[in-house]
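Trainee: One structure coming up, written as structure tokens, with questions to follow.
The values are calculated or read from the model by the stated rules, or taken from the named source; none is laboratory data. As the structure is a computational prediction, the values presented were derived from the model and not from experiment. For the accessible areas, the whole protein counts, side chains as well, though only heavy atoms, and no ligand, DNA or RNA atoms are used. Shrake-Rupley method; radii C 1.70, N 1.55, O 1.52, S 1.80 Å.
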Amino acid sequence: MDTNHNKGDKSFKIPGDWNEQSKQLKEKFSTLTDYDLKLEEGKEKEMLERIGNRLRKNREEVLNIIKEINLS
């Protein structure tokens, strides 16, 4: 039975090359670790939470940071 507790998060996909973006994030935010940035398929929400916790940002702020990195 699927309860859809991740509703709304399934549509979130990291745009572009995550390996390159994660390197840029680590350069910009030295407190981020490889573990924080580890992307596993279907676990994007958990990764966003780890990044948010480390940076003390909410989910929306983390998404905006990733978008900015992707545009640069």
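Trainee: Is the C-alpha gyration tensor of the range 8-62 telling us rounded, prolate or oblate? Criteria: a/c under 1.5 is rounded; beyond that, a/b larger than b/c is prolate, otherwise oblate.
Mentor: Oblate, since a/c reaches 1.5 and b/c is not below a/b.
Trainee: Considering only protein heavy atoms and a 1.4 Å probe, what is the carbon-and-sulfur percentage of the accessible area of the range 10-72?
Mentor: Accessible surface attributable to carbon and sulfur in the range 10-72 totals 46 percent.
Trainee: Any idea of the accessible area per residue across the range 8-72, 1.4 Å probe, to the nearest Å²?
Mentor: Here the residues of the range 8-72 average 70 Å² of exposed surface.
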